[in-house]
Each structure stands twice: as C-alpha cells, then as structure tokens.
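Derivation of every value follows stated rules applied to the coordinates shown; laboratory data play no part. Predicted model only: the values in this text are computed from it and were never measured. Heads up, the Cβs are rebuilt from the backbone with ideal geometry, glycines too, and the neighbour counts pull from every protein chain shown.
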Amino acid sequence: MADTNTKNRTDTELKTARPPLYKVMLLNDDYTPREFVVRLLKSEFRVPEAQAGAIMLTAHTKGACLVAVFTREIAEEKATRATDFAREHGFPLLFTTEPEE
C-alpha cells in the first residue's frame, strides 16, 4: 500500500529576467573644452568631479570612455540628453550607447 501522505511536488522558483544593460560611451573630439565635458558629466550622469575628470581624460587619450551602464531606455535617454545639451552650446561632443557584453 502506497503512502498517501507523500507529496510528489517539485518546488519551482520563478525568477524575473534582468533587462539587458547598455553602456553609455563618451567619444572624444578636439573642440569641446574639458571643463564643459566635466560639468556635463557631473550634471547628467551624477558622477563626482574627480571621476568626471578621469572619464574626460580617458576619452581624450583613448578616443572613447565608458561613462555608465543602464537599462537600454535610460542609457539612450541620457546619451541623447547629454549630446543635445552639448549641441545647444555649440559643441560637437557625442555620447553613444552599446550593449554590454
């Protein structure tokens, strides 16, 4: 006779998939003043001044630098706002987004 009190149930755990993340990249140009870049990084991306300076210098020496990582929608919004702000002030500064690997 089988034991009727035995439960043959598999415990399943549902996990919410994390959204894919995107990198916001700062591309170097030879026209935008360094002080403007630092100010923009501080205001749009909320990075401390020392970190903003390091990001700006890395982009200046290597051609591009990772600024921050966000979900796609936020990354695209921040990159667009930062690029548009630079354009409004007459600078060709460019921020792009790319998937994080």
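What are the pairs with Cβ atoms under 7 angstrom where one residue, in segment 71-94, is of a type in the set (A, V, I, L, M) and the other, located anywhere, is in a helix (DSSP H, G or I)? Sequence gap at least six, or different chains.
A82/L40; A82/E44; A86/L40; L93/V37; L93/T83; L93/A86; L94/T83
Which of the residues that make up segment 79-94 are in contact with a strand residue (DSSP E or B) (Cβ under 6 Å, 6 or more places away or on another chain) and either outside any helix (DSSP H, G or I) or more than 16 Å from S43 (Cα to Cα) (or both)?
Taking segment 79-94 first, the residues in contact with a strand residue (DSSP E or B) (Cβ under 6 Å, 6 or more places away or on another chain) are 79, 82-83, 94.
Residue satisfying the conditions is L94 alone.
For P33, are the conditions met, namely being within 16 Å of the chain's Cα centre (by Cα) and exposed (fewer than 14 other Cβ atoms within 10 Å of the Cβ)?
Details: within 16 Å of the chain's Cα centre (by Cα): no; exposed (fewer than 14 other Cβ atoms within 10 Å of the Cβ): yes.
Judged against the criteria, P33 is not a match.
For segment 25-39, which positions are out of contact with any helix residue (DSSP H, G or I) (no Cβ under 6 Å at 6 or more places or on another chain) and under 13 Å from V67 (Cα atoms)?
M25, L27
For segment 58-73, which positions are surrounded by fewer than 19 Cβ atoms within 10 Å (Cβ to Cβ) and assigned to a helix (DSSP H, G or I)?
T58, H60, T61, K62, R72, E73
For segment 24-36, enumerate the residues that are closer than 14 Å to A82 by Cα and either out of contact with any Ser or Thr (no Cβ under 7 Å at 6 or more places or on another chain) or not hydrophobic (A, V, I, L, M, F, W, C) (or both).
First, pick out the residues of segment 24-36 that are closer than 14 Å to A82 by Cα: 24-28, 32, 36.
Within segment 24-36, L26, N28, T32, F36 meet the criteria.
Sort out which residues of segment 60-101 are within 14 Å of L26 (Cα to Cα) and either among the hydroxyl-bearing types (S, T, Y) or touching a Pro at 6+ places or on another chain (Cβ under 9 Å) (or both), and write them in order of number.
T61, T80, T83, A86, F91, T96, T97, listed by residue number.
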